[in-house]
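In what follows, a structure is listed as structure tokens, so that the remarks can point back to it.
The values are calculated or read from the model by the stated rules, or taken from the named source; none is laboratory data. This one's a predicted model, so the numbers in the text were calculated from it and none came from an experiment. So basically every Cβ, Gly included, is an ideal-geometry build from the backbone, and we count neighbours across all protein chains shown.
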Amino acid sequence: MDGDIAPLQEICRLASRYGALVFVDECHATGFLGPTGRGTDELLGVMDQVTIINSTLGKALGGASGGYTTGPEPLVSLLRQRARPYLFSNSLPPADVGCASKALDLLMESNTIVQSMAAKTQRFRSKMEAAGFTVSGASHPICPVMLGDARLASRMADDMLKRGIFVIGFSYPVVPKGKARIRVQISAVHSEEDIDRCVEAFVEVGRLHGALP
């Protein structure tokens, strides 16, 4: 929610010291973090130290439904017999599977999309911060523009939509009180012109509502 990246190297060191397994939820990392988009463990160089990965097909991998868990074969076999969401859910529609499979193929073939996403994320974050906004997190395509006031976040998001920019205001109880924000999600299909137009709209709306001088 805050665009943070977990201190996975430190977590892995603790797991090694105490004989624990590392289980990582990569729903906000699969497909864009790391040099080839494999996630936080690749980004931080601990792929060989993470035992279980849980992630989704519903975000970066095409926006479809479904998800997956990877891990040791005994664990996967156990989940197939005991995991209630797996046992009592319908199979994914073939179109969703095809969409996710193609997204994985694109990631395996080239890191161009991942590099493009990183560059666009940096462009948005740096321009927003230069304009006077506070953007939580670092280097993550989920870019929370921190505003503090719930009503301000809601009104600014509404005015952004009037300018053709679809962003969402988040406030309590979704986030802590006093931490209201507008969450911006950078996509690989955004152009540099899209990024710049979004920043320009934020500046205009921010000044209109007193969030910027």
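Test Thr112 against the criterion of being farther than 19 Å from Gly58 by Cβ, in contact with a Pro (Cβ under 6 Å, 6 or more places away or on another chain) and of a type in the set (Val, Ile, Thr), and give yes or no. When the stated conditions are applied, Thr112 does not pass them. Of the residues making up region 76-96, not a single one is under 21 Å from Ala29 (Cα atoms) and either outside the structural domain of Leu44 (by TED's automatic domain parsing) or surrounded by fewer than 18 Cβ atoms within 10 Å (Cβ to Cβ) (or both). Out of all the residues in region 28-47, is one or more in a strand (DSSP E or B), surrounded by 15 or more Cβ atoms within 10 Å (Cβ to Cβ), small (Gly, Ala, Ser) and at pLDDT 90 or above? No, region 28-47 contains no residue that is in a strand (DSSP E or B), surrounded by 15 or more Cβ atoms within 10 Å (Cβ to Cβ), small (Gly, Ala, Ser) and at pLDDT 90 or above. Residues of region 161-177 that are part of a helix (DSSP H, G or I) and among the basic types (Lys, Arg): Lys162 alone.
When Ala131, Ala201, Ala180 are screened for being touching a Leu at 6+ places or on another chain (Cβ under 6 Å), aliphatic (A, V, I, L, M) and either outside the structural domain of Ser116 (by TED's automatic domain parsing) or surrounded by 13 or more Cβ atoms within 10 Å (Cβ to Cβ) (or both), only Ala180 passes. Hey, does region 184-196 have a residue that's without any contact (Cβ under 8 Å) to a residue 12 or more places away in the chain, more than 27 Å from Leu44 (Cα to Cα) and not in a loop (DSSP other than H, G, I, E, B)? Within region 184-196, one or more residues are without any contact (Cβ under 8 Å) to a residue 12 or more places away in the chain, more than 27 Å from Leu44 (Cα to Cα) and not in a loop (DSSP other than H, G, I, E, B).
One residue stands out in region 3-27 among those that are within 24 Å of Pro144 (Cα to Cα) and in contact with a strand residue (DSSP E or B) (Cβ under 6 Å, 6 or more places away or on another chain): the one that is surrounded by the most Cβ atoms within 10 Å (Cβ to Cβ), namely Glu26. May I ask you to verify whether Leu104 is within 21 Å of Val184 (Cα to Cα), touching a residue at least 24 places away in the same chain (Cβ under 8 Å) and aliphatic (A, V, I, L, M)? Taking the combined requirement at face value, the residue does not satisfy it.
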